[in-house]
Structures are given as structure tokens and as C-alpha cells.
Amino acid sequence: MPAIVAFVRSFIVISRCWLRRVTDRTGRGRNWFHKVTLQTVTRSPTGSADRTYLGHAMPSIARYCRVALTLPAIACRASQAAPAWLDARAHQEAQLAAASPTLHDFRFTDERQASGITFKNRIVDDAGKAYKLVHYDHGSGLCAADVDGDGHPDLYFLTQLGTNELWKNAGNGKFVDVTAAAGLTMPDEIAVGCAFADIDNDGDPDLFVTTVRHGNRLFENLGGGKFRDITATAGVGYVGHSAGAVFFDYDGDGLLDLFVTNGPAALLWAG
């Protein structure tokens, strides 16, 4: 009932906003809300009382209508109390969470500046003219793995222009750019997706990178965070509109296989 009353009152207010009219000093018909601000109106720098009148009145109109339209919503929310069973369920879940050994109730803070990471994604000109977040060709890829076996996950960022970057995790939230030293420089290749996986079962993560029209690349991890390009020998250098990639053992032979999504069709390579 309170919600209905509030809605009716709001409807009346808005109706008066449009139907009740007065005449201002210019002789023109004005909305009722203008009457509220008439006494405080002065001429504008251009000398037009009419323009000043509307300019001062509109904020009042907008503010008044916002309040009027908000009343029903507030009344509805106030009249719709949570059912007893929902309150009981919330209390039960809070108790279970408090007793859970799993880490919870944590928060995140943006520590990018303190981390030392300066990577920036650079897009090609045509993408910049009418930007759309389309994952297959806008360099939105990122993957993580402990590439050097020091117990810290490292980050590999992809970009369209410039080179992809490998950032070594130095511990304590600090990162160092080791792209060139790792042998992973890929200038202006419009990289898209990436995936780390131990393709040769030697205990360290290898890296596969997809690109748009520049050929996909597979890098073998030689240990200690050093890589070499084995695309040609592996036979996975498809050239086209590639997107995502994932490694998995689809035939259960103990060797990882590679699934790549592309613009025309997806491809599966057996390991």
C-alpha cells in the first residue's frame, strides 16, 4: 500500500510538471517549475532574459523529476522485506564461512605501479579508428607460468604492435622485463592468444602464441627461462586469423595435443 500511494503522488507531481502552466515576463507560456526560479533569474550576458530563464529553471525541473520518480522505487524496496527463510539462509552461510579453513574474505588492491610492470597494449591503426573489444584480433591475451622454476609465476603479455613481453616474477610483487633474454621477442606480429604447457614432458612450461596473419609460434623452454622457436619442426605454424589455443591430451597417450581456434575453422594437432 505505501508503494502505491508513493507512485500516485509521483504521478500527480509529474502531471503538474507538464499541465500546470504560468506566463513569465516574456509573455510566453512556461512550465509550473519555472515559477519556482522566476524571482531569482537575472539577464544573461547576452541580454536574453528568456535564455537565462530556461537555463536556471531546467536544473530545478530535472532535480524535482528525479526525486519524484525515485519515490516509488524507494517505497517498493522498503515494503519488500526479505522473507524469513532467506534471512535464515544468510545467517547459516555466514556461520559456515566463518568456520571454513579455506582462505576467504580477502581483498585486492592495484599494485601495478609498485610491481614495476610497464607493459602497454598497442593496437593497429584500423582497430583504433573504431575500437571494439573483439578477442580474436585485439591483443587481449595474457598467460602465466613459472618459466624458470623459481617457484614464482611469471607473466607473458601479448600486443598487436611492438613486441610481446615476458615479465619475470622477482618475488614480493616485483617484476622484471626479460623478454629479450628469454628469446621471446615478437615485433609487430599482432599477437592474440597464448598458452603455456609442458609439451615434451621435461618439467618446464613451453609456450604457444597465436597471431593474426603472421603465423602462430611455438617456443620450447630450454630451462632457466630460455626459449627457442621450434614452430617449423613442430608443424604448427598455421597462418591465418587465429584466436585461442589450449593444450590437452585428447587421446590419452600421455602427450599433450594442441587445439587452436581460427576465423575459418578450428585445428587440432596431435602430440
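The values are calculated or read from the model by the stated rules, or taken from the named source; none is laboratory data. The structure presented is a predicted model; accordingly, all values stated were derived computationally and were not measured. Positions of Cβ are generated from backbone atoms using ideal geometry, with glycine treated the same way; all protein chains shown enter the neighbour counts. To get the accessible areas, we keep the full protein, side chains included, count just its heavy atoms, and leave off ligands, DNA and RNA. Shrake-Rupley method; radii C 1.70, N 1.55, O 1.52, S 1.80 Å.
For this structure, a couple of remarks:
- On inspection, ASP137 qualifies as outside any helix (DSSP H, G or I), among the charged types (D, E, K, R), at pLDDT below 85 and closer than 18 Å to PHE208 by Cβ.
- In the stretch 216-230, residue most open to solvent (accessible area, probe 1.4 Å) [restricted to those that are outside any strand (DSSP E or B) and in contact (Cβ under 8 Å) with a residue 40 or more places away in the chain]: GLY224
- Unmet criterion (only one of (1) over 30 Å from GLU165 (Cα atoms); (2) open to solvent by 90 Å² or more (accessible area, probe 1.4 Å); (3) modelled with pLDDT of 50 or more; (4) not in a loop (DSSP other than H, G, I, E, B)) for PRO101: (4)
- Within the option set ALA114, ALA94, ALA180, being hydrophobic (A, V, I, L, M, F, W, C), at pLDDT 90 or above, open to solvent by 40 Å² or more (accessible area, probe 1.4 Å) and farther than 20 Å from ARG228 by Cβ holds for one residue only, ALA114.
Matching residues to (1) open to solvent by less than 10 Å² (accessible area, probe 1.4 Å); (2) of a type outside the set (D, E, K, R); (3) assigned to a strand (DSSP E or B):
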{"position": "ALA144", "(1), (2), (3)": "no, yes, yes"}
{"position": "THR159", "(1), (2), (3)": "yes, yes, no"}
{"position": "ALA170", "(1), (2), (3)": "no, yes, yes"}
{"position": "PHE175", "(1), (2), (3)": "no, yes, yes"}
{"position": "ALA195", "(1), (2), (3)": "no, yes, yes"}
{"position": "ASP200", "(1), (2), (3)": "no, no, no"}
{"position": "HIS214", "(1), (2), (3)": "no, yes, no"}
{"position": "ALA232", "(1), (2), (3)": "no, yes, no"}
{"position": "ALA245", "(1), (2), (3)": "no, yes, yes"}
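- Options ASP257, ASP229, ASP251: the member that is under 11 Å from ALA197 (Cβ atoms) and among the acidic types (Asp, Glu): ASP257
- Boolean, ASP188 is open to solvent by 40 Å² or more (accessible area, probe 1.4 Å), closer than 16 Å to ASP206 by Cα and either touching a residue at least 40 places away in the same chain (Cβ under 8 Å) or of a type in the set (Asp, Glu) (or both): no
- Among the residues here, LEU207 qualifies as closer than 27 Å to GLY263 by Cβ, modelled with pLDDT of 95 or more and in a strand (DSSP E or B).
- When residues of the stretch 191-225 are limited to those that are within 14 Å of PHE247 (Cα to Cα) and polar (S, T, N, Q), the one nearest to the chain's Cα centre (by Cα): THR210
- Residues in the stretch 247-262 that are in contact (Cβ under 8 Å) with a residue 40 or more places away in the chain and assigned to a loop (DSSP other than H, G, I, E, B) were compared, and the one that is farthest from GLU189 (Cα to Cα) is GLY254.
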